[in-house]
1. So residue 67 clears everything in (1) more than 15 Å from the chain's Cα centre (by Cα); (2) at pLDDT 80 or above; (3) among the small types (Gly, Ala, Ser) except one condition, right? Which one?
2. Just the residues that are acidic (Asp, Glu) and more than 21 Å from the chain's Cα centre (by Cα), please, taken from the range 151-190.
3. Out of (1) assigned to a helix (DSSP H, G or I); (2) in contact with a helix residue (DSSP H, G or I) (Cβ under 7 Å, 6 or more places away or on another chain); (3) within 24 Å of residue 82 (Cα to Cα), the odd one out for residue 139 is which?
4. Anything in the range 142-161 that is over 17 Å from residue 172 (Cα atoms) and either of a type in the set (S, T, N, Q) or crowded, with 18+ Cβ neighbours inside 10 Å (or both)? List them, or say none.
5. Cβ-Cβ under 7 Å, sequence separation 6+ or interchain: first residue in the range 23-38 and in a helix (DSSP H, G or I), partner surrounded by 10 or more Cβ atoms within 10 Å (Cβ to Cβ). Which pairs?
6. Going by the conditions given, is residue 42 modelled with pLDDT under 85 and under 29 Å from residue 117 (Cβ atoms)?
7. Just checking, which of 114, 184, 83 is acidic (Asp, Glu), in a helix (DSSP H, G or I) and farther than 24 Å from residue 41 by Cα?
8. What are the residue pairs meeting all of these: first residue in the range 92-120, first residue more than 22 Å from residue 50 (Cα to Cα) and free of Cβ contacts under 8 Å to residues at least 60 places away in the same chain, second residue among the hydroxyl-bearing types (Ser, Thr, Tyr) and assigned to a loop (DSSP other than H, G, I, E, B), Cβ atoms under 7 Å, and 6 or more apart or on different chains?
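The values are calculated or read from the model by the stated rules, or taken from the named source; none is laboratory data. Just so you know, these numbers come straight off a predicted model, no measurement behind them. Here the Cβ positions follow ideal geometry from the backbone for every residue, glycine too, while neighbour counts run over all protein chains shown.
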Amino acid sequence: MASTIKKVKKPSWVDVKAKLANFDNAGLIQLVADLYAAEKVNQAFLHARFSIGGDPLEMYKKRIQKALFPNVMGRNSDVKITDAKKAISEYQKAIGLPEGMLELHLCFCEVAMDFSTDYGYEGEGFFNAVYLQFKKAVEVLGKVSVELQEDALDRLYDLRNIASNVGYGVEDDMGDLLAVANPDDERNRD
């Protein structure tokens, strides 16, 4: 006799949304309060979404700093690229303004290159991650004000110059991106 196992459908957003439709205003506020209390990530999301508590980027930048420039003398001394990328992804979901995205991509690159320079940290995967964040920063340039573009370009060219000390073709790859994004800049001929 074969057993009949009933397959349970995996819950989805549609199921949650249907349940939320039955909540009144007070119930929704209490649900958000419970989510807020449950996780610091939820708190950061809500703070960023509602622009509460000062610079919404600060917490995300601190997470990037902790992930990419760990205390090498401490217990958690490993570089955690996925944690830094996760911070950027969470900001994007919370608010995702191009100015903030640009700043976080640049922060990722600057912190990673500082760590590499200070401690001689290297590896193809590490520099691939830096290059991808650099590329994302270049891609966001056209979505921000001219003033922010100018500041970001200065920072991007500085990163390219720092990359000349690390190898792995990072400097050339960064230079190629900048030459396409900003073809008339004399710094492309450096």
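1. All conditions are met except number (1).
2. Here is the first cut: in the range 151-190, the ones acidic (Asp, Glu) are 151, 154, 158, 171-173, 176, 184-186, 190.
Residues satisfying the conditions are 171, 172, 176, 184, 185, 186, 190.
3. It is condition (2) that residue 139 fails.
4. Across the range 142-161, the qualifying residues are 144, 145, 149, 152.
5. So the pair list comes out as 31/23; 35/42; 36/42; 36/43; 36/46.
6. Details: modelled with pLDDT under 85: yes; under 29 Å from residue 117 (Cβ atoms): no.
Against the criterion (modelled with pLDDT under 85 and under 29 Å from residue 117 (Cβ atoms)), residue 42 does not qualify.
7. Numbers: 184 fails: in a helix (DSSP H, G or I); 83 fails: farther than 24 Å from residue 41 by Cα.
Exactly one residue qualifies, and that residue is 114.
8. Short answer, once both residue conditions are applied: 115/121.
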